[in-house]
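Participant: The structure that follows is given in the form of structure tokens.
The values are calculated or read from the model by the stated rules, or taken from the named source; none is laboratory data. Keep in mind that this is a model prediction, so the values were computed, not measured. Side chains are part of the model used for accessible areas, which takes the heavy atoms of the whole protein and leaves out ligands, DNA and RNA. Shrake-Rupley method; radii C 1.70, N 1.55, O 1.52, S 1.80 Å.
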Amino acid sequence: ELHQHLCSHNVEMLVLAPWFLTVFASNVSFEDLLKLWDVVLQHGHDTLFAIALSIFEYHQSQLLDCSGDDVLLTVITITAHIAVPIHHLVERTVAFIPRVSTILNKQNQQQSQQSQQSQQSQ
């Protein structure tokens, strides 16, 4: 539901680039950053996407209540400073990891199949 809402308001996921480029270092306190990095090191790089999903889940009702330009402004505000209690963020991130891994594995398989098909057609 949230994904559709963001897409319908033309919110590009490029606004998340600073999170991924800095591995969340520019958006949380150093102490919280170490806790997030512990989860990433323990569970792998898919965890980065799980962190992002957890943050959006935390702010879902706020985002769904917005319309028009307020949607993008709210996303920008959320991405500028992650105001999610760290214990909640870590807990939800760990819960999202299996789902994120499944989605990313499916995407990788589809890309691999498409690549093989295009090589065979050449």
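Participant: Report, largest value first, the span of the C-alpha coordinates of the chain along each principal axis, in whole Å.
Facilitator: The Cα atoms of the chain stretch 50, 38, 23 Å along their principal axes.
Participant: Where does the chain land at 222 nm, in deg cm²/dmol rounded to the nearest 500, when only DSSP H runs of n ≥ 4 count, each adding -39500 (n - 2.57), divided by all residues? Walk me through the numbers on the way to the answer.
Facilitator: Details: 7 runs with 92 residues, N = 122.
After summing the helix terms and dividing by the residues of the chain, the value is -24000 deg cm²/dmol.
Participant: Quick check: from the Cα gyration tensor, does segment 55-122 come out rounded (a/c under 1.5), prolate or oblate?
Facilitator: Details: a/c = 3.81, a/b = 1.86, b/c = 2.05.
Oblate, since a/c reaches 1.5 and b/c is not below a/b.
Participant: Can you tell me, using C-alpha contacts under 8 Å and at least 6 residues apart, the relative contact order of the chain as a whole percent?
Facilitator: Once divided by the residue count of the chain, the mean separation gives 34 percent.
Participant: Excluding ligands, DNA and RNA, what is the solvent-accessible area per residue of the chain at a probe of 1.4 Å, expressed in Å²? It would help to have the intermediate numbers written out before the result.
Facilitator: Values: 7890 Å² over 122 residues.
Computed with neighbouring chains in place, this is 65 Å² per residue.
Participant: Run the accessible area of the chain with a 1.4 Å probe and give the carbon-and-sulfur part as a rounded percent.
Facilitator: Numbers: 4220 of 7890 Å².
Using a 1.4 Å probe with all protein chains present, the chain comes out at 54 percent carbon and sulfur.
Participant: Also, I was wondering about something else. For the chain, which DSSP H helices look membrane-span-like by this rule: Cα extent along the axis of 15 Å or more and mean Kyte-Doolittle of at least -0.5? Write out the running numbers ahead of the final one.
Facilitator: Values: long enough: 30-43 (20 Å, 0.31); 46-58 (19 Å, 1.23); 69-80 (17 Å, 1.48); 86-121 (51 Å, -0.93).
Taking the DSSP H segments of the chain (at least 15 Å long, mean hydropathy at least -0.5), we get 30-43, 46-58, 69-80.
Participant: From Cα pairs below 8 angstrom and at least 6 apart in sequence, can you work out the relative contact order of segment 1-70, rounded to a whole percent?
Facilitator: Values: 21 pairs, mean separation 26.5, N = 70.
In percent, rounded to a whole number, it is 38.
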